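Beneath this line is the structure, given in structure tokens, with notes to follow.
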Amino acid sequence: MTTATSERLVRMLAMVPYLQSNAGLPVADLAATFGVSEAQITKDLSVLMMTGVGEYHGELIDIDLGALERDGVVYLRDADFMPRPLKLTTREASALIVALRTLRQAAAGDQLPAIDGALAKLEGAVGASAPVDVHLPAVDRRIKDTVLSALSRGHQLDLEYVTDARDDRSTRRVDPWRVFTEQGQLYLSAWCHRATDVRTFRLDRIVAAQETGDPVERPVDSAPESEIPAALFTPGPDTPYAVLDLEPEALWLVDAYQADVLDEAVPGRTRVRLYGSDPSWLRRLALRHAGLVHVVEPRDLADAVVAQARAALAAYDG
Amino acid sequence: MAQRKTERLMNLFFLLLASNQYLTKEQIRASIAEYRESGTAAFERKFERDKDELRELGIAIETGSRDAYFDDEVGYRIRRDDAELPDLSFTREEAAVIGLAAQVWDTAGLAGESATAVVKLKSIGVDIDTDAMRMVEPRLSAHEPAFDAVLTAATRRIPVGFGYRRADGTETHREVEPWGLISVRDRWYLGGYDRDRQAPRLFRLSRVTSEVSELGAPGSYEVPEGVNLRDLADALFPPPPTEAAVLRVRAGRAQSLRRTAERSEPVDEQTDRVFVRYASTRVLAGEVVSFGPDVIVESPESLREAVVARLRAAIEEAP
């Protein structure tokens, strides 16, 4: 059976008891609940009306078409034969169990009992453990707990933060907004008082965190949706980049970073355009992989790499 | 076509669920229009396939004799207590974390499954109010085309074969008994028993280059007792540090090295001596070189040599 057909079947069978205990639900809510379009819900409902325990009136599921067309709300009747939902499928249970395990790794200490309780009950209900696991990077527990505590109490945070790209260390006061993961790392997005702007901080680069007693000045819901960063790093026209020739041993950089393989033939090497958040990050990358990564452009970058290497060598030769 | 099939499967399910007794094949055929309108052979084919498809969804169809005295004809039914979700009670906080868990998956992944699971729980009266908890919001996605097939195979214990591109770019064909999937640094890996290598192996799903083909029936193998995917995944992480290095670092520079350093002490106004532990000379040499003249190796000699060699390589790039 195709995945689309089985997904649809599972969804429609879940609707039958749900709509019986939630009479008059708007189609829009139903679409949001299931994460599909309103058109899809309407199609599902039209199929539901063709099904039942028999083929006569009273045996077929009945949906109030007047209410559906007039008010966009759903009244479902004559489905007494299915008052309860089906057991969770293995995939459904896996989805929730894996998500809970992921939450568990990112949670603060006082949130663990609720997660463990939910996990135990779900695993008990399906009688199996999901063959899926997630590994999040380890983060200093004290820092994570401080950040989460300030977040849930709505307190300002004092952070000491290290920026690897520019290699600097700074202290700043922030209003915490969200803690989330992106590409397998934990991040805090917050209103930074020093920058008077939204900033994103990687949790493992926060070297000290102190929860203050001061309530946040700009709560997250005061910010327009557009100000909350969705993805961390999408190259734009102003994003710094370098054109590099990679030896085969350095090809993995294409997978690890934002890079495009260019269509230029260079014998034995691969030419790529690689984006960085900052020119000094690109310089450090070229130095780190010297010999395996050759800078083609920009010229300043090639010059800076050589100048830095000469200055360092002088310290050893001298 | 798909729509008629969905309709037929739903009707078959409802019919078998609502019946208190075993229904014979003929009774089933008489009750569902599409079966009735098919020829006998076509009906048999459809009916067999439909039963399998319901079973794939975890719906157990029981077969038995309709009548204790005339056990010549087999009948079918679905037992309510097998099919239905039993009552589950969650605390307010537990229900809230389940609601938050359901938001973790992206549409490229198990978002649909999360949504239907939550609807089922709400249908049995679980009150999910996600505002009851403020937590980290992790995101899980699965953009790798092989994810679905491999998840199904791991769940149902079906051996699989696929084309696989190794790290050095060579193409291989692998036959694997899947044990499970693990996400590390936002990438999915399949862990399992590699039949050719006769050993446990980890495969990165983004390197699967073909369709995943099933090589056997569900339940073809057992997952060995005590298998832990995290132990397998340990191979993806740097080994624990065994070596010690002493570095001279310009004051206020090389923050990423200082963050993981054991300790540091000032040498003079401009310089600190920083003590770090490491596992790989190559990796630490790269880190040191990336800071240019801001970080100089004092010891050990092997690290110093690796750094100098890499700095010389950088200078050879001079135009």
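The single condition from (1) surrounded by fewer than 19 Cβ atoms within 10 Å (Cβ to Cβ); (2) out of contact with any Lys or Arg (no Cβ under 8 Å at 6 or more places or on another chain); (3) more than 29 Å from B:Trp179 (Cβ to Cβ) that B:Met133 fails is (1). For segment A:271-297, filtered to residues that are in contact with a Lys or Arg (Cβ under 8 Å, 6 or more places away or on another chain) and assigned to a strand (DSSP E or B), the residue that is nearest to the other protein chains (Cβ to nearest Cβ) is A:Ala290.
Annotation note: Cβ proximity below 7 Å between a residue of segment A:74-101 that is part of a loop (DSSP other than H, G, I, E, B) and a residue that is modelled with pLDDT under 90 and not β-branched (Val, Ile, Thr) (sequence gap 6+ or interchain) occurs for A:Asp78/A:Gly58; A:Lys87/B:Gly58; A:Leu88/A:Ala125; A:Thr89/B:Leu57; A:Thr89/B:Gly58. Filtering segment B:137-172 to residues that are within 29 Å of B:Glu53 (Cβ to Cβ), not in a loop (DSSP other than H, G, I, E, B) and not small (Gly, Ala, Ser) leaves B:Leu140, B:Phe147, B:Asp148, B:Val150, B:Leu151, B:Thr152, B:Thr155, B:Arg156, B:Val160, B:Phe162.
The set of residues from segment A:106-125 being more than 7 Å from every other protein chain (Cβ to nearest Cβ), in contact with a Ser or Thr (Cβ under 7 Å, 6 or more places away or on another chain) and assigned to a helix (DSSP H, G or I) comprises just one member, A:Glu123.
Can you tell me which of B:Thr152, B:Thr116 is facing chain A (nearest Cβ under 9 Å), more than 29 Å from A:Ala108 (Cβ to Cβ) and modelled with pLDDT under 90? Within the list B:Thr152, B:Thr116, the selection yields B:Thr152. Screening A:Val36 against (1) in a helix (DSSP H, G or I); (2) under 25 Å from B:Ala102 (Cα atoms); (3) not polar (S, T, N, Q) leaves a single unmet condition, (1). The residues of segment A:100-115 that are more than 16 Å from A:Ala138 (Cβ to Cβ) and among the charged types (D, E, K, R) amount to a single one, A:Asp110. Taking the criterion of being closer than 18 Å to A:Thr181 by Cα and under 11 Å from the mean Cα position of the chain (by Cα), the residues of segment B:116-158 that qualify are B:Leu140, B:Ser141, B:Ala142.
In the set (1) touching a residue at least 40 places away in the same chain (Cβ under 8 Å); (2) part of a helix (DSSP H, G or I); (3) closer than 21 Å to B:Glu113 by Cα, the condition left unmet by A:Ala31 is number (1).
If you go through segment A:36-57 and pick out every residue that is among the hydroxyl-bearing types (Ser, Thr, Tyr) and facing chain B (nearest Cβ under 8 Å), you end up with 1. Number of residues in segment A:21-35 that are facing chain B (nearest Cβ under 9 Å) and surrounded by fewer than 19 Cβ atoms within 10 Å (Cβ to Cβ) equals 3. Against the condition touching a Phe, Trp or Tyr at 6+ places or on another chain (Cβ under 9 Å), crowded, with 17+ Cβ neighbours inside 10 Å, within 7 Å of another protein chain (Cβ to nearest Cβ) and aliphatic (A, V, I, L, M), how does A:Ala99 come out, does it pass? Judged against the criteria, A:Ala99 is a match. Residues of segment A:148-188 being touching a residue at least 60 places away in the same chain (Cβ under 8 Å), outside any strand (DSSP E or B) and out of contact with any helix residue (DSSP H, G or I) (no Cβ under 7 Å at 6 or more places or on another chain), which ones? If the condition is that a residue be touching a residue at least 60 places away in the same chain (Cβ under 8 Å), outside any strand (DSSP E or B) and out of contact with any helix residue (DSSP H, G or I) (no Cβ under 7 Å at 6 or more places or on another chain), then A:Ser149, A:Ala150, A:Gly154 are the ones that fit. For segment A:143-196, filtering for residues that are of a type in the set (Val, Ile, Thr) and either closer than 26 Å to B:Ser183 by Cβ or at the interface with chain B (Cβ under 7 Å from one of its Cβ atoms) (or both) leaves 5. Set side by side, the residues B:Val289, B:Val274, B:Val227 differ, and just one is on the phi < 0 side of the Ramachandran plot, without any contact (Cβ under 8 Å) to a residue 60 or more places away in the chain and in a helix (DSSP H, G or I), which is B:Val289.
Please determine, by comparing only the residues of segment B:30-45 that are among the aliphatic types (A, V, I, L, M) and within 15 Å of B:Glu7 (Cα to Cα), which one is nearest to the chain's Cα centre (by Cα). Per the criteria, the residue is B:Ile32.
The values are calculated or read from the model by the stated rules, or taken from the named source; none is laboratory data. In this text, all values refer to a predicted model and were calculated from it rather than measured experimentally. All Cβ positions, glycine included, derive from the backbone under ideal geometry; neighbour counts span all protein chains shown.
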